[in-house]
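No value in this document is a laboratory result; all are computed from the given coordinates. Values in this document were obtained by computation on a predicted structure and should not be read as measured data. Cβ: placed from backbone, ideal geometry, glycine included. Neighbour counts: every protein chain shown.
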Amino acid sequence: MAEPTGSPEINGKVTYGNVMGPSPSPRYVSHVLMSAVGPPNASATTRFPDGTYSLTGISEGAYTVTPAKIGGINGAINSFDAAKVAQHSAGISFLTANQLAVADVSGNGTVTSFDAAKIAQFVAFGSGGMQTGTWKFILSSKNYSSVSGTYTGEDYTAWLMGEVSGNWVDAGPT
């Protein structure tokens, strides 16, 4: 966390956490709602194409900042993701740590054929895949005991649950 300077403000960006392949990297995530609960509450949405946000209109005091995103899957979750999880479960190929994190759509802490089935169910029906298609954030929230200036570099990482192949890209303004 950077030392605060200037008027009360919290700035940062949101990057995608399961980038596979050479480009584009890093990938930024737009349309993430950043909510700051404090005296008074404030919110901002991350921008396209750089995933940046700026929480302004806040005053000195304690705040909790929480990111949230709905939608923006952009066709990135498909049967290939389910197949990669099934291959991992069968011991045919193995997933990286980030891939394991997004493959655990059942949320039970382990990746099995059940997760592959839930991803496939989501692909086939658009629902029923437990956490498939939801966004999770490394650091689900950050607490600030006393915002008294501008904090910069307050970044978050987003994962799209079920998107194992790392092919998600931000489609931009909707």
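Some notes on this structure:
- Per residue, the Cα convex hull of segment 12-148 amounts to 123 Å³.
- Alpha carbon centroid spacing (whole Å) that separates segment 55-108 from segment 139-174: 12 Å
- DSSP finds beta bridges in the chain, and of those with both partners inside it, around 80 percent are antiparallel.
- Here's how it looks for Glu9: its modeled amide H is under 5 Å from those of Gly149, Thr150, Tyr151, which are all 5 or more places away or on a different chain.
- Length released on extending from Val169 to Thr134, taking residue separation times 0.36 nm less the Cα-Cα span: 11.1 nm
- 3J(HN,Hα) couplings calculated from phi for segment 23-38 with the Karplus curve 6.51 cos²θ - 1.76 cosθ + 1.60 (θ = phi - 60°) are, in sequence order, 8, x, 9, x, 10, 9, 10, 9, 6, 8, 7, 9, 10, 10, 9, x Hz; Gly and Pro show x.
- When the pairs Lys13/Lys84; Lys84/Lys142; Lys13/Lys136 are compared against a 26 Å limit on Cα-Cα distance, Lys13/Lys84; Lys84/Lys142 fall above it.
- Förster radius 35 Å - calculated FRET efficiency between Thr45 and Thr110, Cβ distance, rounded to 0.05: 0.50
- In the chain, helices alone account for a calculated mean residue ellipticity at 222 nm of -5500 deg cm²/dmol, with every DSSP H run of four or more residues adding -39,500 (n - 2.57).
- Computed from phi, the 3J(HN,Hα) profile of segment 114-129 under the Karplus parametrisation 6.51, -1.76, 1.60 (θ = phi - 60°) reads 4, 5, 4, 5, 5, 5, 4, 4, 4, 4, 6, 10, x, 7, x, x Hz, with x in place of Gly and Pro.
- Segment 130-146 - phi-based ³J(HN,Hα) in whole Hz, Karplus 6.51/-1.76/1.60, Gly and Pro as x: 6, 8, 4, x, 9, 9, 10, 10, 5, 6, 5, 6, 10, 9, 10, 6, 7
- Mean projected area (nm²) of the alpha-carbon convex hull when segment 76-143 is viewed from all directions: 4.9 nm²
- A cut-off of 5 Å between modelled amide H atoms, ignoring neighbours fewer than 5 places along the same chain, links Gly57 with no other residue.
- Cβ-Cβ FRET estimate between Thr96 and Ser145, R0 fixed at 35 Å, reported to 0.05: 0.50
- The packing ranking, built from the mean of other Cβ atoms within 10 Å per residue, places the peptides 40-52, 74-86 in the order 74-86, 40-52, highest first.
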